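The values are calculated or read from the model by the stated rules, or taken from the named source; none is laboratory data. None of these values were measured; they are calculated from a predicted model. Cβ coordinates were reconstructed from backbone atoms using ideal geometry, including for glycine residues, and neighbour counts include every protein chain displayed. With ligands, DNA and RNA removed, areas are computed over all heavy atoms of the protein, side chains included. Shrake-Rupley method; radii C 1.70, N 1.55, O 1.52, S 1.80 Å.
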Amino acid sequence: MNYNRILVTAALPYANGPVHIGHMAGVYIPADIYVRYQRAKKRDIKFVCGSDEHGVPITIRALKEGVTPQQIVDKYHAIIKESFEQMGISFDIYSRTSNKIHHETSAAFFKKMYDDGLFEEKETEQYYDETAKVFLADRYITGTCPVCGNPNAYGDQCERCGSSLSPEQLINPKSTLSDSVPVKRKTKHWYFPLQNYEPFLKEWILEDHKEWKPNVYGQCKSWLDNGLQSRAMTRDSTWGVKVPLPGAEGKVLYVWFDAPIGYISATKELTDKWADYWCKEDTKLVHFIGKDNIVFHCIIFPAMLKAHGNFVLPDNVPANEFLNIEGDKVSTSRNWAVWVNEYVKDFPGCEDVLRYVLCSNAPETKDNDFTWKDFQDRNNSELVAIFGNFVNRAFVLMHKLCGGKVPKLHEEILDDNDRELIENIQQAALKVERSIEDYKFRDALFEVIDLSRKGNQYLQKKEPWKKTDDQKQVDNCLHLSLQLTANLAILINPFLPNTAKKMLHMMKVVDKMLDWENAGKIKLLSVGYSLRPPELLFRKIEDTEISAQVEKLKTGLVKTVGSGQAANAPESQKNDEKQNLKPVIQFDDFAKIDLKVGTILSAEKVAKADKLLKLEIDLGFEKRTIVSGIALHFSPEQIINKQVVVVANLAPRKMKGIESNGMILMAEDADGKLKFVKPEDRTSDGSSVS
Ligand SMILES: [Zn+2]
């Protein structure tokens, strides 16, 4: 099929929190690379996205925080949009599903399906909170687990014993919103009979799209093999797109019905020619998503598009797997995540580094792990030591040996090394192109870095600095090195757009040079053209920056209690925290406690006491021995040199024959895990805490 235009969508982020690097690696960076490449190919392409602003979690969060759902989505829409801009995600439009155009578009979509008789109407009984006046999803009902007696089991699952539950099975069920006892109420909803589309989906995916990524194809196959069922496409709520039918007050479209239609409304908002992109058969529609959204984009939305009629179906849905952090699954409720809005503050000017690391380590075929050490290694030993180093050497040598100008190419004396380099440039351009078209962005990026590695090897073989008596040889080497640099700018541009821009500036050429038709050519820079001195493309990332990030991640849990992120914590946990509060004290009571910052100088196990560690603490003004019950949580080596907060005026106490002079402050989470309480940044020992 020959396509005349491309429409790329990226999953709509849910506007009840900021975006983290897992989102970037899975969806937005690959989508942006694909789009920037296609733009450089001069293809007709549109890139649409926006915030997904409806759904129950947003209303619940608003209830908890005592604000309106609109205030929640306004806040996070702004944060998310800014993060994307800072990371150079080049949407043609970043819209939002609370916009009027989206409400109109999705309501009309539903109405057309309704008028065509494509829904089933069903009345069912669901739990209702009479105090909060809302229907409750199973997650929002808690009670005692009938299996293990856990008093904080959820209506769908007990997290202690792992039993799968329904709200009826809970002993003493109550609503997490109001603590009232939920009652059953009848409610009517419109169901989409997905089973009617099974034959179509089987043929369309399993027969016609065998080229889809194995993780996507496999998940679709398993859904289809298990058989599809009717799904309710409406919900009882006041927040969302109102069901456009008489007698449907208090009902809105299911968020997964309206959200994908957000792609259509965003395109409408972007261009009057939106129908070209959605309705003409020669459009290539590509959805970039994470693996948790595969069923919605490969099964439900295509079935909706097919049922409605007049729309093209996706040509591909290159979903990625998940990115874990430091060996652990990302958890927004535990704040185990690297947030993009914080990264750009902590590493200003290093947006391309994050793009690089997340692409070269992208979870394209399986879950992958992000570690800060790997981040540092990839920056220091690939971007700095290979790519940046080659470009810098080529420029420095050209200024030193060729007077700051592009030297002539003397074709009559080209040698095998020169010819091999030219061949490598042409090959790399083809390989990068092929890999991007196949959605293999890691492979593509590897080729670019590999080409710069070959550039370094070429300089090493030619050693132009030793040939100052043979200017023709020097000229050829630097001429080709500079043409290679120009090619590297073109090839790196979809991945690291800021870096490509810096390179253009150094070469004093215009954006047009980055057109993909120039890739593989070796006459991009004219002979005699003077170039600027080199700028540093990447800086080294220091150990201290990395340990600060690891520390930030590990202490994140403690730090965010009471802030926005903790609002995601399971309700049961938060209720416990309320119940655990001790009686109120006056300020004078608190002022009696002397808290000081100290550093752990040494730590050793205490004989015959497997919970105790004997610590020597430097309080600045004196050294102290403190016995602490943390041996099951930390090994002695692990904690040496850590800064801690000490209760410095606690009466001495003997433990296993050792006198302990103080106590170290620890935070304990719901699972009993201990974390040190400590100053955010290192401070001088002996500092007072109040
Ligand atoms: Zn249980």
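Output the residues belonging to the range 423-434 that are surrounded by 18 or more Cβ atoms within 10 Å (Cβ to Cβ) and in contact (Cβ under 8 Å) with a residue 60 or more places away in the chain.
Ile425, Ala428, Ala429, Val432, Glu433
Applying the selection to the range 336-354, what residues are part of a loop (DSSP other than H, G, I, E, B) and open to solvent by less than 20 Å² (accessible area, probe 1.4 Å)?
Ala337, Val338, Phe347, Cys350
Enumerate the pairs (first residue in the range 404-417 and in contact (Cβ under 8 Å) with a residue 12 or more places away in the chain; second residue anywhere and part of a loop (DSSP other than H, G, I, E, B)) with beta-carbon separation below 6 Å, excluding pairs fewer than 6 apart on the same chain, so at least 6 apart or on different chains.
Lys405/Gly528; Val406/Leu525; Val406/Val527; Val406/Tyr529; Lys408/Val527
For residues that are in contact with a strand residue (DSSP E or B) (Cβ under 9 Å, 6 or more places away or on another chain) and assigned to a helix (DSSP H, G or I), scanning just the range 212-247, find the one that is surrounded by the fewest Cβ atoms within 10 Å (Cβ to Cβ).
Here the residue is Asn215.
Considering only the range 1-16, state which residues are surrounded by fewer than 23 Cβ atoms within 10 Å (Cβ to Cβ) and within 13 Å of the chain's Cα centre (by Cα).
Tyr14
Just wondering, is there one or more residues in the range 540-563 that are open to solvent by less than 40 Å² (accessible area, probe 1.4 Å) and modelled with pLDDT under 75?
yes
Go through (1) out of contact with any strand residue (DSSP E or B) (no Cβ under 6 Å at 6 or more places or on another chain); (2) part of a strand (DSSP E or B) one by one and return the number of the condition Val646 breaks.
If we test Val646 against (1) out of contact with any strand residue (DSSP E or B) (no Cβ under 6 Å at 6 or more places or on another chain); (2) part of a strand (DSSP E or B), just (1) comes out false.
Please count how many residues of the range 652-681 are surrounded by fewer than 15 Cβ atoms within 10 Å (Cβ to Cβ) and of a type in the set (Lys, Arg).
Final tally of qualifying residues: 4.
I need the full set of residues from the range 456-495 which are part of a loop (DSSP other than H, G, I, E, B) and among the acidic types (Asp, Glu), in order please.
If the condition is that a residue be part of a loop (DSSP other than H, G, I, E, B) and among the acidic types (Asp, Glu), then Glu463, Asp469, Asp470 are the ones that fit.
Just checking, which of Glu437, Glu382 is more than 13 Å from Leu484 (Cβ to Cβ), out of contact with any Ser or Thr (no Cβ under 8 Å at 6 or more places or on another chain) and open to solvent by 30 Å² or more (accessible area, probe 1.4 Å)?
Step by step, each of Glu437, Glu382 is checked, and only Glu437 is more than 13 Å from Leu484 (Cβ to Cβ), out of contact with any Ser or Thr (no Cβ under 8 Å at 6 or more places or on another chain) and open to solvent by 30 Å² or more (accessible area, probe 1.4 Å).
Can you tell which of Leu504, Leu496, Leu482 is under 21 Å from Ser381 (Cα atoms), modelled with pLDDT of 95 or more and in contact with a helix residue (DSSP H, G or I) (Cβ under 9 Å, 6 or more places away or on another chain)?
Leu496
Going through the range 248-272 one residue at a time, which ones are outside any helix (DSSP H, G or I) and either touching a strand residue (DSSP E or B) at 6+ places or on another chain (Cβ under 9 Å) or closer than 30 Å to Gln229 by Cβ (or both)?
Matches in the range 248-272: Ala248, Glu249, Gly250, Lys251, Val252, Leu253, Tyr254, Thr271.
Considering Leu170, Leu165, which residue is within 16 Å of the ligand (Cβ to nearest atom), crowded, with 18+ Cβ neighbours inside 10 Å and over 35 Å from the mean Cα position of the chain (by Cα)?
Leu170
Has the range 622-629 got at least one residue that is part of a loop (DSSP other than H, G, I, E, B), within 39 Å of the chain's Cα centre (by Cα) and free of Cβ contacts under 8 Å to residues at least 60 places away in the same chain?
Yes; the residues of the range 622-629 include at least one that is part of a loop (DSSP other than H, G, I, E, B), within 39 Å of the chain's Cα centre (by Cα) and free of Cβ contacts under 8 Å to residues at least 60 places away in the same chain.
Looking at the range 634-643, is at least one residue over 34 Å from the mean Cα position of the chain (by Cα) and surrounded by 15 or more Cβ atoms within 10 Å (Cβ to Cβ)?
For the range 634-643, residues over 34 Å from the mean Cα position of the chain (by Cα) and surrounded by 15 or more Cβ atoms within 10 Å (Cβ to Cβ): present.
Kindly state which strands (runs of 3 or more DSSP E) lie completely within the range 56-158 and contain at least 3 residues that are open to solvent by 10 Å² or more (accessible area, probe 1.4 Å), more than 16 Å from the ligand (Cβ to nearest atom) and in contact with a Gly (Cβ under 8 Å, 6 or more places away or on another chain).
93-96
Please specify each residue of the range 355-378 satisfying the condition of being hydroxyl-bearing (Ser, Thr, Tyr) and part of a loop (DSSP other than H, G, I, E, B). Steps first, please.
Looking only at the range 355-378, we keep the residues that are hydroxyl-bearing (Ser, Thr, Tyr), and these are 356, 360, 365, 371.
If the condition is that a residue be hydroxyl-bearing (Ser, Thr, Tyr) and part of a loop (DSSP other than H, G, I, E, B), then Thr365, Thr371 are the ones that fit.
Do we find a residue being within 22 Å of Asn518 (Cβ to Cβ) and of a type in the set (S, T, N, Q) anywhere in the range 371-389?
no
Select from the range 482-518 the residues that are of a type outside the set (Val, Ile, Thr), more than 30 Å from the chain's Cα centre (by Cα) and open to solvent by 20 Å² or more (accessible area, probe 1.4 Å) and list them in ascending order.
Answer for the range 482-518, where residues must be of a type outside the set (Val, Ile, Thr), more than 30 Å from the chain's Cα centre (by Cα) and open to solvent by 20 Å² or more (accessible area, probe 1.4 Å): His505, Lys508, Lys512, Glu517, Asn518.
Go through the residues of the range 174-182 one by one and say whether even a single one is within 16 Å of the ligand (Cβ to nearest atom), of a type in the set (Val, Ile, Thr), over 30 Å from Glu364 (Cβ atoms) and surrounded by fewer than 16 Cβ atoms within 10 Å (Cβ to Cβ).
Quick first cut of the range 174-182, residues within 16 Å of the ligand (Cβ to nearest atom) only: none.
No, because not a single residue in the range 174-182 is within 16 Å of the ligand (Cβ to nearest atom), of a type in the set (Val, Ile, Thr), over 30 Å from Glu364 (Cβ atoms) and surrounded by fewer than 16 Cβ atoms within 10 Å (Cβ to Cβ).
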